[in-house]
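Bear in mind that the values in this text are calculations on the coordinates, not laboratory data. What you see is a predicted model; the values in this text were computed from it and never measured. Cβ atoms come from the backbone with ideal geometry, glycine included; neighbour counts cover every protein chain shown.
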Amino acid sequence: MATALTTTLESRPTARQGLEAEDFDNVVRQHQRQVYRVLFLLTHNAETADTLTQETFLRAYQSRASFRGECALNTWLLRIAANLAQDHGRNRRAGFWKRLVGFGDDTTQAQVEFPDPLPSPERVLLARKELEAVWKTAMSLPARQRTIFLLRFAEEMSLPEIADVMGLRMGSVKTHLFRAVSSVRDKLKEQRWR
Amino acid sequence: MEIEKHLSDEELANLLAGGNPQSNHLERCKSCQLDVSFLRASLSSMPEAIRSATDLPHFFWQRQRAAIQSRIAVQEASRRSWAGLVWASAASLILIAALFLNGAKSPSRPQAQADPDQDLLLAVEYAVQSDVPESLAPAALLAEDIRSAVEGSPATSRHQKEKANEN
């Protein structure tokens, strides 16, 4: 049964679209915002997202010959970005013990600063509080659930796209998403009744 | 009496993602309706929030592009220099191998074409210059003449001198 969770794949390029060395600047121009946004979502740190965005395009340039248009260009780029974010997360966890002494809790980095939205004070404040609550809840999810949850609800990617980016099967993506939604629901309920 | 179950996580996730309800439970259940509307409201602000959080000034993106370009340029230069080094090494190896193979072969000198007349002349000259009996002296002179005719100058002039003396 077709549901919103199984929306169709976006149209795919025919062959090596825009991946010649001469056009690479255009590729960067077109996709840098989305790559940065996703990396910001996954790393929760602006500086890291910037560095990893650069690294993503560098890796894409290095392996541009391997892109044969089997998936959308942005999906391919986001796959590289997601792998880099995953490696970064691993390295960060490996450095946890080093930071443990003197530098406090690792989770402080997970606090994302949202800019003050434009006008309408009370409503905006309330929305902002809700958003921060969702964000905080999302941050407490296991890494894979969190990534899938954020790609679905913050980046609004379809499940097939997420499966492509994460290199997972659709069924696995769905399972992770259902678990994530369930955890978020429970935690938000708890916070609401506190 | 059958107890109706609330929405499962799967149904809830599907609804949150904009899908249609798979049963009409939601229409009857106030609790699920509240759940869905609360979560929907909370999640709906996420895309906008993340977009405004990453809505950075133009110069940020320009700087980022420049950084990417410069890193690519550095990488390309390094790749080219490596490629140059590899080519130079390969060329040197080929040259060394060629020299080695060439040196291994015995040098072959070009063989001059044997001239039978010249050989005959040399043989005669040799015979003449070796111990020649007096009786064969004119033949020696004749051989000398022939030789000088072949070689040219000095002998010819001597012959002319002798002719002049005879006169």
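Peptide B:5-14 shows a mean partner chain C-beta count of 5 within 10 Å per residue C-beta. Computed from the C-beta positions of B:L56 and B:I96 and an R0 of 45 Å, the FRET efficiency is 0.20 to the nearest 0.05. Classify the range B:57-101 as rounded, prolate or oblate from the Cα gyration tensor: take a ≥ b ≥ c as the square roots of its eigenvalues, call it rounded if a/c is under 1.5, otherwise prolate when a/b beats b/c and oblate if not. Prolate.
Between B:R71 and A:Q62, the modelled labels are 1.0 nm apart [label points 7 Å from Cα along Cα→Cβ].
Each of B:H25, A:H176 was scored by other Cβ atoms within 10 Å of its Cβ. Arranged with the fewest first, they read B:H25, A:H176. Taken residue by residue and averaged, Cβ atoms of other chains lying within 10 Å of the Cβ of B:36-49 number 6.
Residues whose amide H lies under 5 Å from that of A:A72, counting only those 5 or more places away or on a different chain, are absent; hydrogens are built 1.01 Å from N in the peptide plane. Between B:A41 and B:S78, residue separation times 0.36 nm minus the direct Cα-Cα distance comes to 8.1 nm. Coupling constants for the range A:132-146 follow from the phi torsions by the Karplus curve (6.51 cos²θ - 1.76 cosθ + 1.60, θ = phi - 60°), and in residue order they are 5, 5, 5, 4, 4, 5, 4, 5, 7, 6, x, 3, 5, 4, 4 Hz; glycine and proline get x. Modelled spin labels at A:Q30 and A:E47, positioned 7 Å past Cα toward Cβ, are 3.3 nm from each other.
Separation of the range B:43-81 and the range A:19-89 by C-alpha centroid, Å? Centre-to-centre distance over Cα atoms comes out at 9 Å. Note that the range A:151-162 has calculated 3J(HN,Hα) couplings of 5, 6, 9, 9, 9, 6, 8, 6, 5, x, 5, 4 Hz, one per residue in order, obtained from phi through the Karplus relation 6.51 cos²θ - 1.76 cosθ + 1.60 (θ = phi - 60°); glycine and proline are x. Inter-label distance, A:E156 to B:A149: 11.5 nm, where each label sits 7 Å from its Cα along the C-beta direction.
Sorted on the mean count of surrounding Cβ atoms within 10 Å across their residues, most packed first, peptides A:70-77, B:92-99, A:160-167 read A:160-167, A:70-77, B:92-99. A Förster radius of 22 Å combined with the Cβ-Cβ distance from B:Q33 to A:K129 puts the calculated FRET efficiency at roughly 0.50.
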